[in-house]
1. Give me the net charge of ILE182's neighbourhood, meaning all other residues with Cβ under 14 Å from the Cβ of ILE182; Lys, Arg count +1, Asp, Glu -1.
2. By how many nm would the segment from THR231 to LYS32 grow when fully extended, if each residue of separation counts as 0.36 nm and the alpha-carbon distance is taken off?
3. Give me a comma-separated list of calculated 3J(HN,Hα) values for the range 202-217, in order, Karplus coefficients 6.51, -1.76, 1.60 applied at θ = phi - 60°, integers in Hz, x for any Gly or Pro.
4. Could you tally the net charge around GLU282, taking each other residue with its Cβ under 15 Å from the Cβ of GLU282, Lys/Arg +1 and Asp/Glu -1?
5. Taking the alpha-carbon centroid of each part, what is the distance from the range 109-162 to the range 29-103 in angstrom?
6. Using r as the Cβ-Cβ distance of ALA163 and GLU190, and R0 as 45 Å, what FRET efficiency do you calculate, to the nearest 0.05?
7. Could you tally the net charge around CYS69, taking each other residue with its Cβ under 12 Å from the Cβ of CYS69, Lys/Arg +1 and Asp/Glu -1?
8. Quick one: HIS92, HIS281, HIS177, fewest Cβ neighbours within 10 Å first, how do they rank?
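Bear in mind these aren't lab numbers, they're just calculated from the coordinates by the rules spelled out. Note that this is a predicted model, so its numbers are computed, not measured. Cβ atoms come from the backbone with ideal geometry, glycine included; neighbour counts cover every protein chain shown.
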Amino acid sequence: MEPLVSIALWVVMAGVGYKLFRLFIEGGQFRKQTRCDGKVIVITGANTGIGKETAKELVKRGGKVYIACRSLEKATQAKEDIIAETGQTNIHVRELDLTSMESVRSFAKRFLEEEPRLDILINNAGVMACPRALTKDGFEQQLGVNHLGHFLLTTLLLDRLKASAPSRIVNLSSMAHRYGVIDKQDLNSEKSYNQVTAYCQSKLANVLFTRELANRLKGTGVTTYAVHPGTVNTELPRHMGTFFFLFEHNLVKPLLRIAFKSPRSGAQTTLYTALDETLSHESGKYYADCREQEASEAGQDDNTARWLWDVSEKMAGLSSKAA
């Protein structure tokens with residue numbers, strides 16, 4: 001009997017160890033039951049992964065949620081999934097292609113005509129470490145989608161956010177911003193391109209955009225937050241070209257489920273910064289695992305943040321300022 005007892009003990013210990021490991025991996029959780037009844041919320045790229053989980057939770061808490069995605073078919077399927085899971089129907093689908101400034105402007109125009117208020121804007125969509133490609137306006141794709149598209153969208157919606165204050169803007173960044181450098185001589189990667197370097201630059205741009213937004217929005221009641229969701233098992237690597245097939249391998253997928261956060265856990269810091277009342281007077285900061293963390297030194301550079309804003313205005317067609 002002793003060998004059986006030892007085996008049983010090892011099984012129990014392994015099970016407990018696995019549970020503790022998963023708790024560590026899943027990270028901080030937003031456990032407050034904060035409601036958002038009557039609030040109007042826009043989430044970009046919410047047809048899958050973190051964005052979908054965020055939309056599901058916010059509609060459960062009483063929000064009126066707009067899913068803004070490039071694919072209406074996928075967004076509609078996400079909407080139907082969320083309604084089936086939650087029983088809540090106050091969720092809406094709109095087309096938004098962040099690779100096209102025209103599409104961003106069309107979305108903003110329609111939204112402003114439809115909605116008298118906007119309480120929470122969550123800039124969630126993104127691409128990661130993809131082979132070099134250009135947006136419809138000629139921008140390097142990661143800079144264009146992760147930063148410039150959201151920069152234009154946010155700017156076009158700012159007056160509505162101010163009119164709805166207190167309101168919030170949540171920008172999904174990444175710990176990859178710590179390895180990013182804003183290349184003032186080649187921001188658009190026209191002279192040279194590295195897919196990882198370009199991704200890190202775009203994520204640093206998210207942090208700097210959040211910081212500069214906070215400076216420009218002081219006294220308006222609109223607050224901003226940059227978020228690192230964690231290493232999450234989502235479809236984000238689908239943009240990584242042939243390398244994506246590694247993530248799709250039948251032997252790798254189970255390992256990702258063990259070692260990475262679930263999309264639900266990946267959404268927790270977004271929910272925290274979008275809803276937690278204790279953050280109502282905080283703005284421009286960087287968060288991960290439902291707590292404030294210090295951004296990189298480059299992510300706290302106000303001079304670069306201002307420079308990036310001015311250049312982004314010009315690239316997005318909002319200003320004639322010289323870079």
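1. Net of charged neighbours comes to -3.
2. 69.4 nm is the gain from fully extending THR231 to LYS32.
3. 5, 6, 5, 4, 4, 5, 5, 4, 4, 5, 5, 4, 4, 5, 6, 9
4. Taking every other residue near GLU282 into account, the sum is +1.
5. 15
6. So, using R0 = 45 Å, E works out to roughly 0.70.
7. Result for the local shell: +2.
8. HIS281, HIS92, HIS177
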